[in-house]
1. Condition (residue is farther than 24 Å from residue A:164 by Cβ, at pLDDT below 95, over 23 Å from the mean Cα position of the chain (by Cα) and surrounded by fewer than 10 Cβ atoms within 10 Å (Cβ to Cβ)) applied to region A:479-493: is it met by at least one residue?
2. Go through region B:15-46 and give me each residue that's in contact with a helix residue (DSSP H, G or I) (Cβ under 6 Å, 6 or more places away or on another chain), part of a loop (DSSP other than H, G, I, E, B) and either at the interface with another protein chain (Cβ under 9 Å from one of its Cβ atoms) or farther than 15 Å from residue B:88 by Cα (or both).
3. Does residue A:462 satisfy the condition of being at pLDDT 95 or above and part of a loop (DSSP other than H, G, I, E, B)?
4. Do the conditions hold for residue B:81, that is, is it within 14 Å of another protein chain (Cβ to nearest Cβ) and more than 13 Å from the chain's Cα centre (by Cα)?
5. Considering only residues that are in contact with a helix residue (DSSP H, G or I) (Cβ under 9 Å, 6 or more places away or on another chain) and touching a residue at least 60 places away in the same chain (Cβ under 8 Å), which ones fall in region B:87-105?
6. Could you grab me the full set of residues in region A:254-289 that are under 17 Å from the mean Cα position of the chain (by Cα) and either more than 23 Å from residue A:87 (Cα to Cα) or without any contact (Cβ under 8 Å) to a residue 60 or more places away in the chain (or both)?
7. Look at residue A:304 and say whether it is touching a helix residue (DSSP H, G or I) at 6+ places or on another chain (Cβ under 9 Å), at pLDDT below 95 and within 14 Å of chain B (Cβ to nearest Cβ).
8. Give me the residue from region B:47-71 that is under 25 Å from residue A:210 (Cβ atoms) and not in a helix (DSSP H, G or I) and, out of that set, nearest to the other protein chains (Cβ to nearest Cβ).
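The values are calculated or read from the model by the stated rules, or taken from the named source; none is laboratory data. Just so it is clear, the model here is predicted, and its values are computed rather than measured. Here the Cβ positions follow ideal geometry from the backbone for every residue, glycine too, while neighbour counts run over all protein chains shown.
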């Protein structure tokens, strides 16, 4: 029997749209959810996806993907592969599981919103497949992470993390709620499928798989790259939506992309940056974070948005300069505030590491070398306590990440600058100009106090490190520590840092 | 490479065969293959295609073009998918091609 080809019948079953007689269109597709804005309702009739799939094809293909991913897992479960992974690499995976598992679930909700309120039946059809994809991703991530709970309680944060008030959880909820929950579906299709999924997730799910495989984690490499094959398809909801929006409201299209790009860039600097340039052992690093960003974001994503007639975002210079600083500072912060995270961050500043960092980032020693030297000297003096936090860093009111980005001043010195603004009598502080600008434009829709705001408001008691860790949900068996301070020993003979001289001759 | 388009395949036993099929389908095209271990990036300037016919020649007579989806982790350019072929190209190139062929994908 000869079957009809998909393209001979798909439009008949997919394009199920009709004129309502009992209610008006606005009742079915309310503006606050469907978000057509300046785009005439009729313009959505031309929406057409590029990457087509029918339900029978979907089921067969997904079954093959699942079978392959679980077969690798089953084969490796009986080996000692996990025990041979480095602590650094394991940290990359713990960060991934905790940071990603429930974001995948949030994406189910985002896809379902498009499946209901999308303004064209082909779009709603594709979003329904997207929701099925994201259910798969939430489940596979949870299941693969859960396997290790018995061996290491930090993996329990795969499921737990997103429900806590850990500062990372607050930061990620703030970003992803704005990308998937609080917006209308037009903005959602441009923020999530287009900017996030054809841009940034490639970094964490495809580029990082190269480091995973080099590090010997076949199982993880296999899982994340399998997930991304779904993303490659459902991310294509972004293109046709963008094409229509650009035609009728290019200013909105550019703003929505810019905002989602910036938020994603900040989050990936905190998560993917340290995983690639520090936690992956130096001998296994396939490329630097900057090089992967150049391959996937600078070249590939920017070429994509230019293809739709848009420009590079307004903050391009600040973003490009940040590729050399953001994730290095955030890595140092994650290490220093290690009791607040659910993995064991390797410092990864051995002599071999620093040689690699300096080669990849020619300003690395000038900006970060002396700070790590202070830590190294404290560790070698047996004074690990001096390298542990007594308070919190200032957190940015937009991205909720520490304000720690050094920039080069006209005087040739690197400094962390305060970017602030005062609104209704309250002064807000930001890590970058980009965060400040986005906050200002979106200020009426933002309501997510940082951990610092909560601390100062007296919500966190007692007001000390113990109280903060308790508020964040961290228990002693989970809170992070350097897995092995012996890395500092090779610096034992170095001339130690001169204690800081302060006025009056006393030493601080 | 200017205006590079093309697929990124995840690791797997069949990637080399798929690349061979792509090479058959794009004669006289400069194709660049970047192997990063866990993924392989295949690129050509402006346009790249792969057909079910070539895939079957290299991967066996029962191979269905939809199965390529299990390997396709990402791609650059815009994609068009039919039961016979997959094409990657940029928007401007596609508009020209559609105008030339009267809308046939």
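1. yes
2. Matches in region B:15-46: B:36, B:37, B:38.
3. Against the criterion (at pLDDT 95 or above and part of a loop (DSSP other than H, G, I, E, B)), residue A:462 qualifies.
4. no
5. B:89, B:90
6. Selection gives A:257, A:258, A:259, A:260, A:261, A:262, A:263, A:264, A:265, A:266, A:273, A:289.
7. Spelling it out, residue A:304 is indeed touching a helix residue (DSSP H, G or I) at 6+ places or on another chain (Cβ under 9 Å), at pLDDT below 95 and within 14 Å of chain B (Cβ to nearest Cβ).
8. The residue in question is B:71.
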